[in-house]
Amino acid sequence: MNTERHPSHQHTVAILSRGDAAARRDATAPNSRFVGVFEALAALGIEARPAIYDESFTEEVREQLLAVDGVLVWVNPIQDGRNRAGLDALLRDVAARGVWVSAHPDVILKMGTKEVLYHTRSMGWGSDTALYQTAEAMRAGLPTRLATGPRVIKRNRGNGGQGVWKVERLPTSPMIRVLDATKDGSEELTLESFLGRCAEYFENGSVVDQPFQPRLSEGVVRCYMAGDRCAGFGHHKVKALVDSPAARSGAGPRLYTSNADPRFQRLRRLMEDEWTPQLTSLLDIPRHDLPMIWDADFMLGPVLPDGGDSYVLGEINVSSVHPYPDEAPAEIAGRVADRLRRKL
């Protein structure tokens, strides 16, 4: 594999995703699921190279990354029983040696875990959010919050609904009803039994506790961001944490639209003009270090006096945002070009 740097007049970027040795051997831009990003970068004169990662050939990947100007990373925090510990160490190393990394693991820790819901709870997208660092803190705090209504419990790091639960008191029983976001039916458990299921979440993380949003069955709006600019939207009706069979039957795939979608212009203005600047200020993230592609999932909050929607943040996805709207690759490429000019 050629790991020599290109001439200085052409920027080079690796597009990194997880795969096995065969996937690494056969990887090309045209057969990549990120082909749109490859094409958009090429249109701006940036050479992008596929970089397939696995822990078994870390040193080969390290050599490849040290030969480019930057790397765009698409790897889930948890996948097939593996986490990102080894990859994050690799990315920190190459970043310390001058390669620009997006998203940098330190940025992911600030904005790409569920703790961001607690740290930004005072913002306009926030809600009555608690953070439990230990099982004992959860045992002490959850019953009081359940007295105010159903809650949603989320492990700090995860994807695909792993470690997300709707929890509510039963009116005539000491038991609680819990609904796993990855399952179709709820269960009745004692609080201690539920805490036992959550015990592993505290082994290397924490738990966030939010109020359940009654309008969840109306759908979730995903705002895609390229740096600090909106790159499009996705909207879909969800089954996760929805009890009503009728509402669950109406769930469907996410439908993608451009950043010009008239339904979401208020949300776009909030994200670009208010919430993203507040986020970077609160979390001490330089604007130019924002991920080249990230998204914020919003549930619908109470209807505003003017009849419009309010929004409550459910999570921020940073590690592996895919798929995305058709317009997103051009936005990503533009932000990458800006960032490389700043770096070099």
Report the trypsin sites (Lys or Arg not before Pro) located in the stretch 58-141 that are in a DSSP loop and have at most 11 other Cβ atoms inside 10 Å of their Cβ, or state none.
97
Which value, in Å², gives the accessible area per residue of the stretch 65-106 when a 1.4 Å probe is used on the protein heavy atoms?
34
Indicate the gyration tensor shape class of the stretch 202-289 (rounded, prolate or oblate), computed on the Cα atoms with a ≥ b ≥ c the square roots of the eigenvalues: a/c under 1.5 is rounded; otherwise a/b larger than b/c is prolate and the rest oblate.
oblate
With a Förster radius of 56 Å, plug the Cβ-Cβ distance of residue 182 and residue 10 into 1/(1 + (r/R0)^6) and report the FRET value to the nearest 0.05.
0.80
Find how much the distance from residue 203 to residue 172 grows on full extension, using 0.36 nm per residue of separation minus their present alpha carbon separation; answer in nm with one decimal.
7.8 nm
Kirkwood Rh, Cα atoms: Rg over Rh of the chain
0.99
Residue 147/residue 58 FRET efficiency (R0 45 Å; Cβ-Cβ; nearest 0.05):
0.35
Please report the relative contact order for the chain, taking Cα pairs under 8 Å with a sequence separation of at least 6, and give it as a percent rounded to a whole number.
18
Under 18 Å from a point placed 7 Å out from the Cα of residue 66 along the Cα-to-Cβ direction: which residues of the stretch 84-114 have their backbone N that close?
87-101
Considering only the chain, what is the antiparallel percent among its DSSP beta bridges, to the nearest 5?
75
Anisotropy class of the stretch 163-252 from Cα gyration tensor, a/c 1.5 cut
oblate
Rounded to the nearest Å, what's the spacing between the alpha carbon centres of the stretch 268-344 and the stretch 11-41? Just the number, please.
24
Given the DSSP H assignment, sum -39500 (n - 2.57) over each helix run of at least 4 residues in the chain and divide by its residue total; what's the result at 222 nm in deg cm²/dmol, nearest 500?
-8000 deg cm²/dmol
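What are the semi-axes of the equivalent ellipsoid of the stretch 70-197, taken as the square roots of 5 times the eigenvalues of the Cα gyration tensor, listed largest first and rounded to whole Å?
34, 17, 12
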Under 16 Å by backbone N from the virtual spin label 7 Å along Cα-to-Cβ at residue 79, the residues of the stretch 231-273 are none
Gain on full stretching of the segment that runs from residue 306 to residue 258 - 0.36 nm per residue minus C-alpha separation:
14.8 nm
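The values are calculated or read from the model by the stated rules, or taken from the named source; none is laboratory data. Treat the numbers as computed from the prediction; the structure is a model and nothing was measured. Neighbour counts are summed over all protein chains in view; Cβ atoms, including those assigned to glycine, are modelled from backbone coordinates with ideal geometry. Heavy atoms of the whole protein, side chains included, go into the accessibility calculation; ligands, DNA and RNA do not. Shrake-Rupley method; radii C 1.70, N 1.55, O 1.52, S 1.80 Å.
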